Amino acid sequence: MIAKFRLTPGLAGAFVLALALPAGAQNLLQNGGFEDIPAPAMGRNLVPTELMGQNWIAPWRALALPAALNTFRASPVELVRVDGPGGFDMSNNAHNLPESDASNAAPGTIRQYVNGRFVAPGGAPGGILWQSFTAPCSGEVEARAWVAGLVGMPEPFGPKRMGIEPLNAPIPMLPGYSEYERPNPEVLALIQSLANDPDAAQFIVPPAQSRNDWFPISVTRQVVAGQEYALAMEMDYSTSVDEVSLTYTDALTVGDCGGVDAVPAGSGRGDGGNGTGNPDTPTGPVGPTGDPAEPDNPDGRGDPNKPDDPGKPDDPGKPDDPDKPDLPEAKQIFLKKACEAPVADVQNGQPGMAWRCEVTVAAIPAPFAGSFQFTEDASAITGASGLITGYSASPGWTCPGLPAAQTSCTIQGADFDASGVETLSFDLFAPATGPVAWKNCVNGLYAADDGKREVRGNCDGTEWKPDGDDPGKPDKPTEFDVEKTCAPSGERQEFSPTAWVQPWRCEITVTTNGVPYPGPITLADDFHFGSVPGASQIQSITSADPWVCTPVPYSPGTPPVCTIQGSQFPANPPASTLVVDLVMAGAIADQNGAENCATLTDARGNPLGRDCTTLHDPLPDLPKPEQAGITKTCAEPTEQRHNGTLWGLGWECDVTVTVNPAPFAGSFSFLEDASGVIGAAGAQIVSVNASPGWSCTPAPGSGQAQTSCSINGADFDPSGQEVLHFELFADMANVPEQPVTWENCVGGATDPASNPREVSDCVTTTWTPPAPPTPELEITKICDDPVPAGTTGWDVSCTVTITGANLQPGLEITIYDMLSGSNGANPQSGTLSGPAGLSGGVQCSGSAGAGLVQRNCTVSTDDLMAAGGTLSFPYTGHIGLDAGSAPEATNCASFQLRDSQGNGVPMPNVGVAQCVPLTLPSLPTTTGGTAPDCGVDVLFVVDRSGSMRHYNRIAQVRSGVQMAQNAFAGNGSNGGLILFNQMPNIAVPLPDPLPSSSIANTMASLQAAGGTRWDRAFALTRQVVTAAAEKPLVLFITDGVPNRPWSFSSAAVNDIRAQGSRIVGVTIGAGTVTQHLTALLGGNVANTAAGDIPDPFTDDVVVIPNGTNMAAVFAQMAQAYCPQKAAQGIGDIIDLRLPAVPYAGDDEPERPAPTPPTLEITKRATGPCRADAARRQYHCSFRVDV
């Protein structure tokens, strides 16, 4: 087709472009701009009174769903009449609706759009707006619409859905527009189709920024010529809609329908497909597919015979199942009903009419995607009440609810017979003594991915009159049929190849020909293993019908018996089922097989029916053994304790039995003999590990030295080999430690009745007591370089470490530490501390004399072994400087070993001292300045919160404060010390001359714990500064972020500065803490890692991320007050190298939240156990960590 354009004169001399469009390119919807709907007023318009009960917005339809899908509300939308910006004020009309429609009309142009009225709870849509149309062509269509939200809406509403949904039947009008209506099935089907449509467009209506914001949405779908569809959209009070269109996407290609097939004449649903015409005519296909032989898929989604259909892409959320290929949708489904002539019958004692009908379902192709359902309706009857009493069909069909006048039968398309034809038979009965007129109809519904489509069937009718004979006395007798089926109902539990049990369930179904039986009916259920009765294996027998059964338990030869009266036997349908639960026993079933029979008799024992089923076939006979062998292998004995009391030897042996062939007839047994032990008090078999078929008597672990083990040949491993693992024990508690000789023999044979084979083997070993291990004990000492303590001495820090192995328990180890000096070095104090947490504790003492400080600590060998053989003792001391030119010092350590009586225990290295010479560096002088007035008072405010434990921070701060007071010492400088965590305290009052031994001693014992409260620290600092005559330099040293905001400290900081004191924050580490300090104290930051030289007169924060810079930093601060200190080298202050550490943050808040206690205990051996034959015990050392 060639598209033709022409220009025609328009208003005011303008030209309008007119296009002769083909059918496929035109808008398939009517009144998409809602301009043809009468609206009496500007703004919001509800349904006019004169139009109540009519479809006001036709051809559009709308229904509101304020609560659920089963209630509809009238007038769910309102028509909004607007004239553009500057015209009618919609903000005063309500809800700030758009003041222009979506057509982009010029201001002053009156236009209309629709707006939703209601919203459902829980985020459900408030209503639905739709318009139906019939597709003129097959192809892809696209629906477009413009939506708008409320101005100032706080958040987007949605999501909502817009879709093009197929209709299986036209949607009738509801009976009036009262406030609430019951939904009809067609509307409900449309709502469900839209909600479940995977191809529907989902959209969210965003808040409008102005009263002219419209947003486009669109959706596409393949449609079939002649099929009826509906463009449907979910609505609520936040949604305005305008300018809705529906066109073919390929409408300007070839032909009037754009290259797609138009509706063929005479095709479509047929008489049965559109619900018109003769209902007895065979039904048409499921949809308007045209020629039934046409290979194209009727819903336009591609060739259904191609597994990878380009018109219908695979669902990405459902991976392909290679065992279940994708099925095509059904192109055609037909329904046909045919009934036989009615006959007289009696059911439940009532005479009447019996009628049998067949429903034939044909599908092209088959199997198919989706499901099919039809309604068998036998309710149209006069002269009686009729019921469908039963049906028969292939397994894929389900027709629930019988007996009833109607039933809906369903089958999944994947279960439909590949022949394309399924037939179902229905039995109907009408109790009547007079004439009956009866009509039986059938109609269906096909459901696939693209919706549901109706399939019309047909009806069959009959008239019946009872014969002149008495209908209550049928001529034919009652006929019975018994059917029994059995299957496993649980997992098989195996104890050995022949010893197993498994639950089974059997169903016994008794049916009749529908003729009532006048007397009682008896059923006996006989379960047996070959000729061996097995009724005792039956656990229960039950039925939904009134059978009366003998109670459990049942003896082997007395099967359960159940009875029902003929008048109680079900009549519609004439069948009853009993369920039998039993347990199959493996050994007897393997030998004899198992069979279950059900026998039906009358009151005199005459047979009425019988059926048997085989549950298990007997296994074939096993062959006799031709070869047999037995071997024994044993590991070397080891010393061990048995049952926690007996000390002796443990021995592990394997017995390997071979038989060929296997399994075999008969059995195999052998004797395990461990009694041949010399040098021990006796032997016993402790345990045996073997496959389930073995049994040993007496049982291992009973204290016996012999046991006989046997196995049935049927349980023997098919490989022909079985291995048994024995654990043996020889008691040596009451005999002297001496070599032990142990002979362990085994002898066995197969069953004499089945070709006997005798075998045996022995193993002999000798155990010699091991020599006791050599005890070891050593001491080592390591010292750090002495650190100047002001100008008068040095601090010493050392570690004494003892290591030991194979030590006798209960001994005492005394560690001695001696600090000595000469040439002016005078040791003044020393402390040797033991490790914490030792069960025996640590006893430490010592003395001091001229030129010598001695300390000692005592621990037990038990504590040393429990600690893994290593204990470390920290040592700290102080050396003073007397007159002398070259002071020297030495630190030595030694140990002594004693028993509980105080007697010395000989040991290598006992009393041998390990000495470390101490190199004493030069001490700083106090004459760096020329005048005392260049000194400065310094107040140290030091953080001791819990995070200071991490990364060696506490050691850095101890050294840092010592460095600082050494750097500021002399020239009249004084110092003070405030320590803080969640609470501050004045540790050393200001002023105290620097260097201060009080500050040094306090910092030496500083421990970290608690939170970080800057506000309380600065509040106490303000009190100290206020009381000081000379306002000090405040060095605020911290590594932690405050537990309360830094702003809580601002007032105190301002007061301190107002009194003339400088405050310099010093960080240990960088990062977050620096950010908080600069926020509080100011942005002048000196980063020593970048080479910045700190100036306490201008810098607010000094960052020391690396401990090696600490001496230089404080020296530079001191030089800022006394330039003469530049001559004093950093090495004169202190030479300490500490590693850089990252910030870890406080790990102990002020009030930590309580946490549930946890406890973990681990235990490990700290060395091998040593046998003590004299005491008949072991000496073992373990470490328990809690």
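Subtracting the Cα-Cα distance of Asp1092 and Asn104 from 0.36 nm times their residue separation leaves 349.0 nm of extension gain. Placing +1 on the Cβ of every Lys and Arg and -1 on the Cβ of every Asp and Glu, with nothing else charged, gives the range 368-456 a dipole about its Cα centre of roughly 300 debye. Only one residue of Ala848, Gly824, Thr801 has its Cα farthest out toward the positive end of the dipole of the range 776-918, where Lys and Arg carry +1 and Asp and Glu -1 on Cβ, and that residue is Ala848. Between Gln1075 and Leu188, the simple label model (points 7 Å from Cα in the Cβ direction) yields a spacing of 6.0 nm. Prolate is the label for the range 332-464, because the ratio a/c of its alpha-carbon gyration tensor axes (a ≥ b ≥ c) is 1.5 or higher and a/b is greater than b/c. In this calculation the C-beta distance from Ala41 to Glu140 is compared with R0 = 35 Å, giving a FRET efficiency of 0.30. Divided by 2.2 N^0.38 Å, where N counts the residues, the Cα radius of gyration of the range 634-743 comes to 1.19.
Put in line by how crowded their Cβ is, counting other Cβ atoms within 10 Å and starting with the fewest, Arg953, Arg610 read Arg610, Arg953. Sorted fewest first by neighbouring Cβ atoms within 10 angstrom, Thr522, Thr765 come out as Thr765, Thr522.
Phi angles of the range 811-827 translate, via the Karplus equation with coefficients 6.51, -1.76, 1.60 and θ = phi - 60°, into HN-Hα couplings of 8, 10, 10, 10, 9, 10, 10, 10, 10, 10, x, 7, 6, x, 8, 10, x Hz per residue; Gly and Pro are given as x. Estimated from the Cβ-Cβ distance and a Förster radius of 35 angstrom, the FRET efficiency linking Ala418 and Ser555 is about 0.10.
Packing around the peptides 860-867, 80-87, taken as the average count of other Cβ atoms within 10 Å per residue, puts them in this order, highest first: 860-867, 80-87. In whole angstrom, how far apart do the alpha carbon centroids of the range 372-438 and the range 530-593 sit? The distance from the Cα centre of the range 372-438 to that of the range 530-593 comes to 33 Å.
Checking the table Lys439/Lys465; Lys337/Lys452; Lys331/Lys452; Lys331/Lys439 against a 19 Å threshold on Cα-Cα, which pairs fail? Checking Cα-Cα distances, Lys337/Lys452; Lys331/Lys439 exceed 19 Å. Enumerate the residues in the range 807-844 having an amide nitrogen under 18 Å from the point lying 7 Å beyond the Cα of Ala886 toward its Cβ. Inside the label zone: 821-826. Estimated at 0.36 nm per residue, the fully extended path between Ser872 and Glu340 surpasses their Cα-Cα distance by 181.0 nm. Note on the range 932-1133: Rg/Rh from C-alpha atoms, Kirkwood Rh, equals 0.92. DSSP bridge analysis restricted to the range 971-1092 gives an antiparallel fraction near 55%, rounded to the nearest 5. Inter-label distance, Leu671 to Ser719: 3.0 nm, where each label sits 7 Å from its Cα along the C-beta direction. Using 0.36 nm per residue and subtracting the Cα-Cα separation, the extra length available between Ala771 and Arg610 on full extension is 49.6 nm.
A simple spin-label model places the labels of Arg1183 and Asn31 9.1 nm from each other, with each point 7 Å out along Cα-to-Cβ.
Round to the nearest 0.05 the FRET efficiency obtained for Asp449 and Thr509 when R0 = 41 Å and r is the Cβ-Cβ distance. Computed FRET efficiency for Asp449 and Thr509 comes out at 0.60.
Hey, how many Å between the Cα centroid of the range 1009-1074 and the Cα centroid of the range 650-705? When both Cα centres are located, 81 Å separates them.
Listed from fewest to most Cβ neighbours within 10 Å, the set Ser385, Ser132 follows the order Ser385, Ser132. With Cα atoms as the point set, the range 776-918 shows a radius of gyration and Dmax of 15.9, 50 Å.
Read the figures in this text as sums done on the coordinates, not as results from a lab. This structure is a prediction, so every number in the text was calculated from the model and none was measured. Cβ coordinates were reconstructed from backbone atoms using ideal geometry, including for glycine residues, and neighbour counts include every protein chain displayed.
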